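Scroll down for the structure; my scribbles are underneath it.
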Amino acid sequence: MTETSCTSWMMNAGVAAALATLSLCSGCNMPSTLDNGSEAPVLPIATSSEKGFREQVRRSEKPVYPRGPLEESIGGVVVAEVEVSSDGSPKRVDILEAPDPRIAESVSAALARWEFSLLEFEGKETPRRPQGRLTFYFVPGDGGQVLNPEEMLAAQNVSDRGDVSPENVSITKIDEKGLARLLSTDDPLIVDIRDRRQYQLGHRDGAINIPFGELPSRARVELPPSRLIVVECASVPSNWCQGIGWQLADQGFSRLALLVEQ
């Protein structure tokens, strides 16, 4: 196990060479950078996936790279959690992960000016305030780019992952002995799906951290489709782990191993 707050983040092939290896510092977690205080009336919250949350956006402003040497040298992923107030403005913005505090500040400043629609549900008289996470990729070089997950996929030219129909998907459950065999015969990428705090307390050598709830928006961008993916599932129920495997298969990954406690 390795105790560290930083890990190397490997991007898929097809991205500019400057993106090949980026330094991510989960230790850059920040407290709430925006809190609009109390509101009346206070509507209940509905948590959405990133895709659903982005569909509620009425007005957005893309974060910008801080000017200077930073835009040529530092890049990586930023994940923000946003709670929306009853008037559609952000009530709270938490930066959960960022490669640099100045980049985190840029994202917070941009999100403070976003506007969202409230969620309406059939049979419910009271609308819900959306809450969700948003992912941004800061790409260094040439003045720097800031891309959302879909834009990042387009930049990587990831469009066809081959035939991943059920008969072409391999999902196996393994234990520690099985992992040792894979490490000696293959080059698996271990994905730790625990929350950031657990990961920072200690993790397996070489494992990258994508929390479970962020896999739908981040996996296709950050995980190489041709590599064997080992999902460390000790922190979730076994039936959830199988569901995670099929979720990744739906995203185009055909070589999957689920590391479970046996």
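No value in this document is a laboratory result; all are computed from the given coordinates. Note that the structure is predicted; figures quoted are calculated from it, not measured. Ideal geometry is used to build each Cβ from the backbone, glycine not excepted, and the neighbour counts take in all protein chains shown.
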How big is the C-alpha Rg of the range 214-262 next to the rule-of-thumb value 2.2 N^0.38 Å, as a ratio?
1.08
Label ALA109 and LYS177 with points 7 Å out from Cα along Cα→Cβ: what is the distance between them in nm?
5.7 nm
Return the Rg/Rh ratio of the range 166-259 with Cα-based radii and a Kirkwood Rh.
0.92
Spatial separation of Cα centroids for the range 176-240 and the range 115-129, in angstrom
35 Å
Across the range 57-64, in residue order, what do the Karplus-derived ³J(HN,Hα) couplings come to in whole Hz, using 6.51 cos²θ - 1.76 cosθ + 1.60 with θ = phi - 60° and x for Gly and Pro?
6, 9, 9, 9, 9, 6, x, 10
Quick one: which residues, 5+ away or cross-chain, put their amide H under 5 Å from the amide H of THR172? H built at 1.01 Å from N.
LEU256, ALA257, LEU258
